[in-house]
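A quick write-up on the structure given underneath.
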Amino acid sequence: RSCTAKLSTMNQFLQDFDGYLDNLTHLHGTLIIAGDFNIHLEDQTNADTIKFQALLSNYGLVQHCKSKTHIAGGILDLIMTRMNPCDPLEITNIETAKTMTQSDHFLIKFDCSFSHTIGKERIVKTGRKIKDIDIDAFKNDIQSSKLNDLENLKDCNSALDLYNQSKWVDTNVQEARRKRRKAERDHRRLNSVESKDKLKKAVKNANAVINARRDEYYRNRLKASDGNKKDTYNIVNQLLDKDLKRSMILDNKPANELCDEMQKFFHDKVEKVYSPGRNGHSALIPLL
């Protein structure tokens, strides 16, 4: 409150402060009000003091500062909190001290403790940073890939197969991916709560469609290859991301070292076959 009566009369201040406290009653959280009020609370017979204390009582507030806060005497600087036991805030170790500045008010120090909620654990997510892609390097990668090999590109379907590298991708999967990409672009542009919710739903739906289609594809392939060990072996290698075209020529190594490497190879292979695959499903899909 201004110390100049012309700028702020007591009645006007009490009216404004009443409205301020009324707005605070609708807010959640621990309340603490502190500052220079220019009201002599040490004078219990003062009419302004009586009105101010009555206002604090109406809103369930208590004033903690009891010693003088001004070089000329008087309690002008206040610390107020709620008396509600459901919203406790303990104010302790209140001290007042004269400062080295030109201010005629004392410095007030106090301790208070209050509970606070710990935020959610931070989750680090990775994604594509499209703006940082080196366009020239990207073009060179495309030109040196199978996509630029004319022998493999007989028609549009063969080019699409080379791009996807997934025979199980159908129109439903492509549509789910398209909606997911659209939701990503919309959220990047709008950055709102609604766009974020739509993005989450699109991602969840796309994952469900992709997983269901992939499971169905490999399940049908394993059924069709029942009794054919070679085809079953090739399907399992695809599930384990094995490169069937890699060179199998052994190096000129000692026999005992080659035996150790062979043992480790088949041990790791068995471990991967029986370890859980994506989304908690077994790497080998059981035949019904």
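The values are calculated or read from the model by the stated rules, or taken from the named source; none is laboratory data. These numbers were taken from a predicted model, which means no experiment stands behind them. Note that we place each Cβ from the backbone using ideal geometry, even for glycine, and neighbour counts take in every protein chain shown. Please note that ligands, DNA and RNA were not included when accessible areas were found on the heavy atoms of the full protein model with its side chains. Shrake-Rupley method; radii C 1.70, N 1.55, O 1.52, S 1.80 Å.
Can you work out the accessible area per residue across region 9-131, with the rest of the protein chains kept in place, probe 1.4 Å, in square angstrom?
So region 9-131 comes to 73 Å² accessible per residue, rounded to a whole number.
For GLU194, tell me the accessible area in Å² from a 1.4 Å probe, rounded to the nearest 10.
GLU194 exposes around 120 Å² with every protein chain in place.
Give the long-range amide H neighbours of ILE79: residues separated by 5 or more places, or on another chain, with amide H under 5 Å away, using H modelled in the peptide plane at 1.01 Å from N.
Those lying under 5 Å, H to H, from ILE79 are HIS64, CYS65.
Which order do ARG219, ARG185 take when ranked by solvent-accessible area (1.4 Å probe, heavy atoms of all protein chains), largest first?
ARG185, ARG219
Given a Förster distance of 30 angstrom, what is the FRET efficiency for GLN44 paired with GLN102, based on the Cβ-Cβ distance and rounded to 0.05?
Once the sixth-power term is evaluated, E becomes 0.45.
Take the Cβ-Cβ distance between ASN228 and ASP132 as r, set R0 to 41 Å, and report the resulting FRET efficiency rounded to the nearest 0.05.
With R0 = 41 Å, the Cβ-Cβ based efficiency is 0.30.
From the cross-link list LYS167/LYS229; LYS179/LYS223; LYS125/LYS264; LYS204/LYS269, which pairs have alpha carbons spaced over 30 Å apart?
LYS179/LYS223; LYS125/LYS264; LYS204/LYS269
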